[in-house]
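A short worksheet on the structure shown next.
The values are calculated or read from the model by the stated rules, or taken from the named source; none is laboratory data. Worth saying up front: this structure is predicted, and the values here are computed from it rather than measured. Note: ideal-geometry Cβ built from the backbone for every residue, glycine included; neighbour counts use all protein chains shown.
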Amino acid sequence: MKAIRSLTPKKTALIILILLGIAAISAFVIYPYIFVKPQQDLQKTLGFYTGQPSDTINIAGSTTVMPISLAIAPLFHEFTGVNVQVSAGGSGQGYSNVIDRISPIGAASRSPSSDELSRAAANGVTLTLHPIALDAICIIWNIPGLFQGDLKLTKEQVAYVYSGVYTNWIQVNSSLPPFPIYVIGREPGSGTRQNFESNFGVGYTKVSQEVTNNQDMVSSVLSTPYSIGYCSLAYAANVYTAEIAGAGGTFYAPTKENVKDKLYPATRELCYVTNGIPIAGSLIAMFLYFVNSTIGQQAVELVGYVSII
Amino acid sequence: MDLIGRLRKVFRNLPVDVLTRPAPSVDVLQLRGKEYLRRFFSPEGFTGVCALSSFIITILILFFLIQQSLPILQEMGYGQYALPLLSGLGYGDYAWILNNGNIVTGLINFVTGSTWYPKYLSFGILPLIAGTLVVVGGAMLIAVPIGIFSAIHLSEYCPLKIKNIIKPIIELLAGIPSVVYGFVGLIFLVPWLAGVFSLRSGQTALAGSIILSIMILPTIVTISEDAISAVPKEYKEASLALGATHFQTVWKVLLPAAISGITASIILAVGRALGETMAVLMVCGGVANMPPLSLQMFFTSVKPMTAAIAAEMGETAVGSVHYSALFGVGLVLFGITYLVNFIADLINSRFKKKFGRAR
């Protein structure tokens, strides 16, 4: 009888590495064939999405739009008996759900990137944005001793603070106390960050901390003295916001009236994204009509954003 | 023929040394080839199906990781495409272009690049690796001494009744979800650190290290305590018989004897700490800068690899370069964890050789 050769760790590792290498090479060859694409013709002609019961709407996407979807869901259910399921995932998730035909509707707080547009074109999807609310990028701050209305900034000053040109509050305005600025930003890929950077003309940012959502931004600013950050309108209720100089040089606070009249210079539209214009009479068309009606827009105002009608 | 005759015939035909050969152990009953296949496709083969399913799942996950991270691993000269992509130049871009105008991908640039700035397609993960190493290294510096001393106390000094209370409660620490650790750290630890060290904010690598060390403590304590208790009684009896005090026995005889088991427990704890996401996401600050090479590294905000993936995956466009870069980070993390497990295997096998059984 042969003696059993023992497997040393080195031999085990070699065998495992060879197996993993085979797996890696197979990934090139086999993966495209085992990936199942959803049936596209059926969806195009009949207008519904496989895997979704006809009395449910799944809205995934931006966390900024999520409060609106959550507020509208019970109202829509009362009117039509349709369930609206809301989930987060970011604007990227909202776009990819529509592009991959997983859901007919998604939520986004930014415009689609070139990657997403090319993927949509490759899949035969036309991304259509339906604005449902007005939002503003509020610059929030925390300087001990100063209160709401004491800080007035121009867009240029904000850009200097975020790109590291100004590192002390006294450089921003000689009337402010001489303390170093603690700059808080958002994670890369955030729709709010993208809007902020394009709106205020900020390029390469130098921040001291990155947070991952609006609530964390607000709590970080509130707990760190001499800090500055940005968030969307619905979350800025309990924190001091800066007044930004508009086109004529006048400083506007991010109040609902200023955002509605587009006087506040950093406004943006929150949108639902669909594949093309929804067929008249379909569930999505009814839902979008509901959101843009008086009742839906009252819900938008209740959440903290500004209505679009 | 009678029985004796038949037996004589059998014995005459056997090889000469069969009676002096050592008796085969049960290990020899290895199923080979056709026998294994026959048993596999019979009712008892469901055991084989279970084992195979775990194996296939691991392979498929690796499939997916490599497939999704291919764009970032291929040699692509993004340098010449980076400038037109900087549409809408803003403040700070001029300095950026002067310093970093040429952005390329490829595995070497990916792993050794020192700028992680996805907006400008700059995917160098060295700051992320450095962040992970700082946080995990700090956690080991805190948890290893405390864990080993706890294990020594539990196995050598603690009365049995108290040990039966303390040990289960330490093991309870391992059952707390990591997001709870992160939350507790955010509410209590971060402001406390800011107060003690007079920092602007307590969101630093030190906060992440402290939280991680509490998380890996049960692993080190439990396994080290087992290793110390498993040292043969003869060692301790011999040392005490030769006149050593209890203290000398513990430090000069028992610990060196159990050192392989203790090292294996440390490596396992490192493996756990490397993969920890939620806690480091909430307390480490999340800024992808290289930490300075001094004691100051613990007081700066870092972005560990796991936190980078968790923070950025949600809002990334599926299929973009950023998406595949995040999968590349996952692949590097997979490689590092595999390396750690391999080292643990090596140490275990050396322990086997020394003492005839695994830890």
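The residue list B:Tyr338, B:Tyr323 contains one member that is aromatic (Phe, Trp, Tyr), assigned to a helix (DSSP H, G or I), in contact (Cβ under 8 Å) with a residue 40 or more places away in the chain and within 11 Å of chain A (Cβ to nearest Cβ), which is B:Tyr323.
Tell me, which helices (runs of 4 or more DSSP H) wholly within the range B:148-256 include 3 or more residues that are among the aliphatic types (A, V, I, L, M)?
Values: elements: B:160-173, B:178-184, B:190-196, B:205-229, B:233-241, B:246-249.
The qualifying helices (runs of 4 or more DSSP H) are B:160-173, B:178-184, B:190-196, B:205-229, B:233-241.
Selection of the range A:202-228 for residues being facing another protein chain (nearest Cβ under 7 Å), out of contact with any Phe, Trp or Tyr (no Cβ under 6 Å at 6 or more places or on another chain) and of a type in the set (Gly, Ala, Ser) yields only A:Ser223. Take the conditions (1) within 20 Å of A:Ser109 (Cα to Cα); (2) in contact with a Cys (Cβ under 9 Å, 6 or more places away or on another chain); A:Lys260 misses just one of them, which is (2). All of A:Ile284, A:Ile309 fail the test of being of a type outside the set (S, T, N, Q), at pLDDT below 90 and surrounded by fewer than 19 Cβ atoms within 10 Å (Cβ to Cβ), apart from A:Ile309. Residue count for the range A:160-201 under the criterion of being without any contact (Cβ under 8 Å) to a residue 24 or more places away in the chain and more than 9 Å from every other protein chain (Cβ to nearest Cβ): the result is 10. The residues listed here are A:Thr274, A:Thr212; of these, the one that is at pLDDT below 90 and crowded, with 21+ Cβ neighbours inside 10 Å is A:Thr212. Of all residues in the range B:180-196, which are away from every other protein chain (no Cβ under 14 Å) and more than 30 Å from B:Glu225 (Cα to Cα)? If the condition is that a residue be away from every other protein chain (no Cβ under 14 Å) and more than 30 Å from B:Glu225 (Cα to Cα), then B:Val196 is the only one that fits.
For B:Ile262, state whether it is in contact (Cβ under 8 Å) with a residue 40 or more places away in the chain, more than 14 Å from every other protein chain (Cβ to nearest Cβ) and crowded, with 21+ Cβ neighbours inside 10 Å.
Values: in contact (Cβ under 8 Å) with a residue 40 or more places away in the chain: yes; more than 14 Å from every other protein chain (Cβ to nearest Cβ): yes; crowded, with 21+ Cβ neighbours inside 10 Å: yes.
Taking the combined requirement at face value, the residue satisfies it.
Once the range A:168-194 is narrowed to residues that are within 30 Å of the chain's Cα centre (by Cα) and small (Gly, Ala, Ser), the residue that is nearest to A:Ile137 (Cα to Cα) is A:Gly191. Look at A:Met286 and say whether it is on the phi < 0 side of the Ramachandran plot, part of a helix (DSSP H, G or I), in the same structural domain as A:Pro67 (by TED's automatic domain parsing) and touching a strand residue (DSSP E or B) at 6+ places or on another chain (Cβ under 9 Å). No: the conditions fail for A:Met286. Could we say that B:Val287 is within 14 Å of chain A (Cβ to nearest Cβ), within 30 Å of A:Tyr95 (Cβ to Cβ), in a helix (DSSP H, G or I) and at pLDDT 90 or above here? Spelling it out, it is not the case that B:Val287 is within 14 Å of chain A (Cβ to nearest Cβ), within 30 Å of A:Tyr95 (Cβ to Cβ), in a helix (DSSP H, G or I) and at pLDDT 90 or above. Residues satisfying the criterion are present in the range B:167-179 (criterion: within 14 Å of another protein chain (Cβ to nearest Cβ) and not hydroxyl-bearing (Ser, Thr, Tyr)). Answer yes or no as to whether A:Ile170 is farther than 25 Å from B:Thr204 by Cα, in the same structural domain as A:Leu270 (by TED's automatic domain parsing), surrounded by fewer than 18 Cβ atoms within 10 Å (Cβ to Cβ) and among the β-branched types (Val, Ile, Thr). Spelling it out, A:Ile170 is indeed farther than 25 Å from B:Thr204 by Cα, in the same structural domain as A:Leu270 (by TED's automatic domain parsing), surrounded by fewer than 18 Cβ atoms within 10 Å (Cβ to Cβ) and among the β-branched types (Val, Ile, Thr).
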